[in-house]
Amino acid sequence: QIYGKDRIIEMPIAENGLCGIAIGCAMAGKRPVLSFHRVEFALLAMEQIINNAAKMHYISNGYHSVPIVIRLVVGRGWGQGPEHSQSLETLFSYIPGLKVLMPTFPEDYKGMLISAIEDNNPTVIIEHRWTHYVKGEVKKEYFKSDITKPKKINSGNDFTIVSSSFSTLEAKNAVEALTNIGINIDLFDLRVTRPLNLEDVKASVINTGRICVVDTGYKTLGIGSEIISQITETCFTNLKSS
């Protein structure tokens with residue numbers, strides 16, 4: 001191992017216990033990165049994540065912080081079956097006190113990971129397994145990326161699309177095809193599901209009058225439906241069709 005056994009620990013199968021140890025390390029001044037790999041394994045540690053990591057700053061009146069990063073993998077692929085192919089990002093996005101990130105592109109992921117490690121809040125980074133195959137240029141130097149809002153990756157005046165994680169890759173292909181026939185799209189990579197900052201998206205919808213949301217989660221009580229709800233609530237008179 002490059003960094004040695006004092007920095008990289010292969011944890012036993014005791015997710016709730018190991019998550020508690022990592023939270024304790026964070027409270028003691030460390031900045032642990034805990035990788036559960038598949039999102040389903042984190043379900044065994046939800047008591048620690050929700051009742052300890054997310055709440056500690058509040059219940060200690062700001063005395064404690066928990067600068068922990070928890071990496072999870074979502075999405076179906078290569079025979080994972082029902083046990084290991086769920087997209088449960090909404091589950092974590094419900095929780096006050098957590099930051100929830102969903103990077104798509106390699107360089108953005110590096111910068112977002114560094115920003116998450118430096119952040120004093122508990123942060124969950126959710127990676128769709130198919131984004132692991134995305135290739136791109138990544139700067140070698142140490143740098144941070146914004147972890148507060150969506151990122152516009154294409155500009156246009158005809159339509160607004162908001163997508164997240166692997167869905168952004170498919171939306172990007174659609175945008176390229178639409179550009180070839182003269183339809184220009186404002187495309188946002190959501191990137192951050194909590195806090196859900198939609199101010200730039202709302203400004204885009206006011207301009208285009210149309211919105212489409214693409215994600216891999218559930219329609220009922222999902223992030224996509226939440227975005228549609230907020231846009232309808234605040235930009236209804238700007239929509240050209242419904």
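So the values come out like this:
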read-out	value
So G209, is it small (G, A, S) and within 28 Å of V39 (Cβ to Cβ)	no
Residue among I125, I50, I70 that alone is part of a helix (DSSP H, G or I), modelled with pLDDT of 95 or more and open to solvent by less than 50 Å² (accessible area, probe 1.4 Å)	I50
Pairs with Cβ under 8 Å, 6+ apart, first in the range 1-22 and farther than 23 Å from I50 by Cα, second surrounded by 10 or more Cβ atoms within 10 Å (Cβ to Cβ) and at pLDDT below 85	Q1/I8
Out of K110, K151, sole residue that is open to solvent by 80 Å² or more (accessible area, probe 1.4 Å) and either touching a residue at least 24 places away in the same chain (Cβ under 8 Å) or under 11 Å from the mean Cα position of the chain (by Cα) (or both)	K151
Residue check for I13: open to solvent by 60 Å² or more (accessible area, probe 1.4 Å), under 24 Å from T131 (Cβ atoms) and either under 25 Å from the mean Cα position of the chain (by Cα) or not acidic (D, E) (or both)	no
Of all residues making up the range 200-242, the number that are within 20 Å of the chain's Cα centre (by Cα) and either assigned to a loop (DSSP other than H, G, I, E, B) or of a type in the set (S, T, N, Q) (or both)	11
Filtered residues of the range 55-68 (kept if more than 21 Å from I13 (Cβ to Cβ), in contact with a helix residue (DSSP H, G or I) (Cβ under 9 Å, 6 or more places away or on another chain) and in contact (Cβ under 8 Å) with a residue 24 or more places away in the chain)	M56, H64, S65, V66, P67
Residues being surrounded by 20 or more Cβ atoms within 10 Å (Cβ to Cβ) and either more than 29 Å from D119 (Cβ to Cβ) or hydroxyl-bearing (S, T, Y) (or both) - total across the range 209-241	2
Pairs with Cβ under 8 Å, 6+ apart, first in the range 188-211 and touching a residue at least 40 places away in the same chain (Cβ under 8 Å), second polar (S, T, N, Q) and open to solvent by 60 Å² or more (accessible area, probe 1.4 Å)	V192/T148; P195/T148; N197/T148; N207/N157; T208/N157; R210/S241
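The values are calculated or read from the model by the stated rules, or taken from the named source; none is laboratory data. In this text, all values refer to a predicted model and were calculated from it rather than measured experimentally. With ideal geometry, Cβ positions are generated from the backbone for all residues, glycine too; neighbour counts draw on all protein chains shown. In case anyone asks, the SASA skips ligands and DNA or RNA and just uses the protein heavy atoms, side chains included. Shrake-Rupley method; radii C 1.70, N 1.55, O 1.52, S 1.80 Å.
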